[in-house]
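Remarks on the structure that follows.
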Amino acid sequence: MSKTNESLMQRRMAAVPRGVGQIHPIFADKAENATVTDVEGREFIDFAGGIAVLNTGHLHPKVVAAVQQQLTKLTHTCFQVLAYEPYVELCEKINARVPGDFAKKTLLVTTGSEAVENSI
């Protein structure tokens, strides 16, 4: 089966609920810096950058190097189950940047709902 945007869209419609939005009817195959290439080989400038969370661009060499180094140690563990120092280190760095003369604490989560649940 050839991979086209249309064929993948049909598969998506059959497998993914309508509640998961998709702005553009294209499927990314690869990306580098600010350029994304779709499954049909067309190149696009990525103005969204993962909805503004990818300000280094795709495959930035420093980010790739950091990920490769981390993968030699561990890929993932849930901090609430088994803690790891980089989590604490990042929280300390964030806390140091928050203005004000009071104790600060940081919680790292992946979704807004997690943040709301923990704030309550």
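Each reported figure results from applying straightforward, stated rules to the coordinates on display, with no laboratory input. These figures come from a predicted structure and were not determined experimentally. Note that we place each Cβ from the backbone using ideal geometry, even for glycine, and neighbour counts take in every protein chain shown.
List of remarks:
- Our note on the geometry: Cα centres of region 62-89 and region 3-60, 26 Å apart.
- Dipole-positive endmost among Thr56, Cys91, Asn33 within the chain (Cβ charges, Cα centre): Cys91
- Taking other Cβ atoms within 10 Å as a rough exposure proxy, Asp46, Asp29 sort from fewest to most as Asp29, Asp46.
- Charge dipole magnitude, Cβ of K and R +1, D and E -1 - region 76-120, Cα centre, debye nearest 20: 120
- The slack between Gln68 and Glu32, meaning 0.36 nm per residue of separation minus the straight C-alpha distance, is 11.3 nm.
- Within the chain, the longest run free of trypsin sites (Lys or Arg not before Pro) that sit in a DSSP loop with at most 10 other Cβ atoms within 10 Å is 19-72.
- Computed over the chain, the per-residue total of -39500 (n - 2.57) for DSSP H runs of n ≥ 4 gives a 222 nm mean residue ellipticity of -11000 deg cm²/dmol, rounded to 500.
- Taking Cα centre as origin and charging only the Cβ of basic (Lys, Arg, +1) and acidic (Asp, Glu, -1) residues, the dipole magnitude of the chain rounds to 120 debye.
- Of Val20, Val36, Val63, the one that fluctuates the most in a GNM where the chain has Cα springs shorter than 10 Å: Val20
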